[in-house]
1. For N230, indicate whether it is part of a loop (DSSP other than H, G, I, E, B), assigned by TED's automatic domain parsing to the domain that holds D173 and of a type in the set (S, T, N, Q).
2. I'd like to verify a number: residues in region 245-257 that are farther than 19 Å from C141 by Cβ and outside any loop (DSSP other than H, G, I, E, B), how many?
3. Looking at this structure, is N244 in the same structural domain as T217 (by TED's automatic domain parsing), surrounded by 15 or more Cβ atoms within 10 Å (Cβ to Cβ) and not basic (K, R)?
4. Of everything in region 115-148, what is in contact (Cβ under 8 Å) with a residue 60 or more places away in the chain, assigned to a loop (DSSP other than H, G, I, E, B), farther than 25 Å from F297 by Cβ and not hydrophobic (A, V, I, L, M, F, W, C)? Give them in sequence order.
5. So which residues in region 116-169 are among the β-branched types (V, I, T) and in contact with a strand residue (DSSP E or B) (Cβ under 7 Å, 6 or more places away or on another chain)?
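The values are calculated or read from the model by the stated rules, or taken from the named source; none is laboratory data. Model, not experiment: these values are computed from the prediction. Methodologically, a virtual Cβ is constructed for each residue, glycine included, from the backbone with ideal geometry; neighbour enumeration extends over all protein chains shown.
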Amino acid sequence: MNVEGKEYHALWFENDAIRFIDQRKLPYTFEFYTAHTVDACVFAIKDMVVRGAPAIGVAAAYGMVLGQKDSDGAADKLRKTRPTAYDLFYSIKYMTDGVANGKDALTLANTYAKTIINKCRRIGEHGERLIGDGATILTHCNAGALATVDYGTALAPLRNAHKKKKKMFVFVDETRPRLQGMLTAWELEQEGINYALIADNAAGHFMKKGEIDVVITGADRIAKNGDVANKIGTYEKAVLAKENDIPFYVAAPISTFDNALQCGEEIVIEQRKRDEVLQVNDCDIMPGWINVKNPAFDITPAKYITGYITEKGIEKC
């Protein structure tokens with residue numbers, strides 16, 4: 001991604017440490033977080049310094065480099081960080097299998113990161129043809145370069161369409177409670193793509209008015225039958241899109257597909273801490289005595305999904 005004329009990845013390995021763009025601070029300040037140990041990498045994943053399934057997978061791969069003296073211990077700690085995102089487990093297996101076969105850990109992790117970046121680039125190339133000139137697109141959560149190291153999944157087709165001079169307008173769900181829509185807005189601002197941030201519960205209003213042509217989201221895990229786990233609120237958008245005859249696409253690399261699970265009901269839904277709902281940027285927006293349930297993800301059944309945009313092309317549901 002380009003920030004003030006300089007190109008950055010969401011994370012990278014440098015001087016025996018992982019460097020992250022600190023997504024907790026965006027879009028107010030552009031700062032970095034450095035992880036010198038496995039425990040620091042675990043914190044970065046759990047506390048959402050880094051977020052987005054592909055980027056979490058890359059973080060875990062580099063975490064395995066930091067913990068290579070005790071690879072089993074490192075793998076165990078990293079697996080416990082976020083239960084829903086499949087890329088996390090995919091990348092740890094990639095690293096443990098590679099090291100067991102005598103390969104260098106850092107070389108493996110760098111290769112994994114480059115592979116994810118290239119997959120997202122190809123997702124953008126394939127998905128671009130879904131974006132007509134003058135299209136209006138709705139997206140939910142952040143599935144841009146911040147979530148995938150570079151290019152993005154849901155945002156990659158938009159970036160490609162923009163480069164081809166297609167006109168478009170993006171409706172960006174704010175995505176409570178962590179407000180990842182701000183990150184999407186920040187990325188689109190950097191790219192010069194027209195957008196507007198909307199409240200999550202405004203999406204149906206714009207769909208009913210005929211102001212949205214297509215919905216594109218990312219994914220954290222996709223079961224064998226095509227059911228998708230993605231940020232909480234995705235299911236609602238898919239149902240609304242179906243009701244209003246709007247195509248709904250999921251963009252994700254093959255590493256997000258978990259064929260060991262037959263359907264979405266088998267996917268573990270992460271339950272996160274109550275303060276994420278009661279606070280914004282450490283400021284109370286509700287009294288602390290209020291009871292809270294905070295599932296981080298929901299399941300969108302395959303019947304609501306028009307197709308999947310992967311590095312191999314667009315697969316119809």
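1. Values: part of a loop (DSSP other than H, G, I, E, B): no; assigned by TED's automatic domain parsing to the domain that holds D173: yes; of a type in the set (S, T, N, Q): yes.
Criteria not met by N230.
2. Taking region 245-257 as the starting set, the residues that turn out to be farther than 19 Å from C141 by Cβ are 245, 254.
With outside any loop (DSSP other than H, G, I, E, B) added as a condition, the list becomes 254.
Selection size over region 245-257: 1.
3. On the way: in the same structural domain as T217 (by TED's automatic domain parsing): yes; surrounded by 15 or more Cβ atoms within 10 Å (Cβ to Cβ): yes; not basic (K, R): yes.
Judged against the criteria, N244 is a match.
4. Correct list: G132 only.
5. Initially, region 116-169 is screened for residues among the β-branched types (V, I, T), giving 116-117, 123, 131, 136-137, 139, 148-149, 153.
If the condition is that a residue be among the β-branched types (V, I, T) and in contact with a strand residue (DSSP E or B) (Cβ under 7 Å, 6 or more places away or on another chain), then I123, I131, T136, I137, T139, V149, T153 are the ones that fit.
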